1. Around residue 344, with a cut-off of 10 angstrom between Cβ atoms, what is the net charge of the other residues, counting Lys and Arg +1 and Asp and Glu -1?
2. I'd like the Kirkwood hydrodynamic radius of segment 214-290, using the inverse of the mean 1/r over distinct C-alpha pairs, in Å.
3. Figure the gain on full extension for residue 254 and residue 70 (residue separation times 0.36 nm, minus the Cα-Cα span) and round it to one decimal in nm.
4. Name the residues of segment 140-163 whose amide N is less than 19 Å from a point 7 angstrom out from the Cα of residue 447 along the C-beta direction?
5. Computed FRET efficiency, Cβ-Cβ of residue 325 and residue 165, R0 25 Å: what is it to the nearest 0.05?
6. Assuming R0 = 41 Å, what is the FRET efficiency of residue 221 and residue 172, from their Cβ-Cβ distance, to the nearest 0.05?
7. Around residue 42, under 9 Å between beta carbons, what's the net of Lys plus Arg minus Asp minus Glu among the other residues?
8. Among 245, 11, 182, which residue has its Cα positioned farthest towards the positive end of the charge dipole of the chain, with +1 placed on the Cβ of Lys and Arg, -1 on the Cβ of Asp and Glu, and the dipole taken about the Cα centre?
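Taken together, the values in this text are just the output of simple stated rules run on the coordinates, not laboratory data. Small disclaimer: the values here were computed from a predicted structure and weren't measured. Glycine also receives a Cβ, built like all others from the backbone with ideal geometry; neighbour counts cover every protein chain displayed.
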Amino acid sequence: MKSTNPIIVVGSGPSGLVAALLAAHRFGGENVLLLEEAPRLGGLWRSFDYGANGRFDHGMHNYFECGVPEIDDFFFGFFKQGECRILEGADRDFAGVFYQNRLQANSPSIDLRNLEPSLRARCLAEVLNAAAQGHSHEATRAIDFAQQQWGPTIAEKFIAPILERQFAAPADELGKGAVDLTALRRVILLDEPEMRQHMESPEVRARLAYPEQRNLPKAYSSSRRGLYPAVPGLEELVSRTVNALKALGVQIACGKKVAGLEIANGRVSTLRLGSADETEVLPCAGVIWSAGLRSLSGLLGYRWSQTTPGRSLTLVHVLSPEPLNDRGLHYFYCYEPGLATFRVTCYRNYCLQPITQSGMIPYGMELLDVPNELAFARAIDELERFGLVSASQKASLVCAGSEAMGRAFPMPTLANEANFHCARKAISDQKFANVSIVGSMATPGLFFQPDVLRHAFATLNEFEI
């Protein structure tokens, strides 16, 4: 490095941790400083620790291979045999959905095979027609994407109501990202023998799900693996990553908020930390920003226009003395109107040692728009509705803890997506020579972990100071 000042990575979520690792290997760990505003590192990989009652994640989180060996080898190399579970094949990502008052374990895609025969035939004809035409243009609205994906009947009768239930907003005000965030890329219309006849068409496979996920032909299944620590809590992955960073010489500081930037000759030369009353000045050789577009664009003077606030999210962590009737699922979504659950996580089905020190089995639930003080009662009522417990079993369930996360549930409205676009432009207009952006929404539609980490790798390869 030509400069004696450090490269500063701002934010320590998954993309920030990966950026710090990559920067340390490229520029030397002693030349990298990782800053985090929160008291602890890890972002959405952090866990809630309830002592003898176990650790719980921020909903369902595993590490899935991103397809970049330099990154995947980091994380898989942190664990020895028996210290984690490797998830692959049919057990890689075993998900379901509660839809039309039924828990589907055959697929997380909504199953429409029970439609009235003429309606099912019409839906199938429209899907095959859509597959033949492809996407004629890049849709920005969720409802337009759904119509291009499946035709008008499925889009309007099934997809739109689910989107409105999930986001509490009209479907025509939601951006295309709402479809991805709701795992609604495919639907089921065909039984296995019929579906096998269409498997050679990538356009059909992009629209119709195989009806029995465990029977999906190997040629069409993902070869990428997942990883989860032996004991619940993805924070174990964070701890091992932090140890690796320290061994490389990376400096780490928590509780540090960037309050301002000093810019000279197209470069960020200094970060100002703290408040107007108490500040700390850090000269830097370059900045890798993983703490969100809103915070960085705000420091540059961009003011977001009126946004649609996210729905309030409460995490409820449930303990059971015996396994629930979870069908072996790792997790499942809920699309049922009138219920508050977004997703249920079943740790015992993907964790080697799920039993807590208190001898209980952990389950996690993400509830929308339910006050924290009412969340546990609502959660166990909905577990009964899902068929995971009987009325008599509910009294045996224990609340390990519940966490009010504020308005943390993503809200992919067109207005919010427009704000992200303007924020990206406000940053790119600066033409910084020594600043790179990584993390969720750094580019349009960038949200899921493997994509975020691949983007971080590509960005760090081009990063110059």
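1. -2
2. Numbers: mean 1/r = 0.0593 Å⁻¹.
With all distinct Cα pairs of segment 214-290 included, I get 16.9 Å.
3. Gain on extension, residue 254 to residue 70, equals 63.6 nm.
4. 140-150, 155-156, 158-163
5. On the way: r = 24 Å, r/R0 = 0.96.
The computed FRET efficiency comes out at 0.55.
6. With a Förster radius of 41 Å, E is 0.70.
7. 0
8. 245
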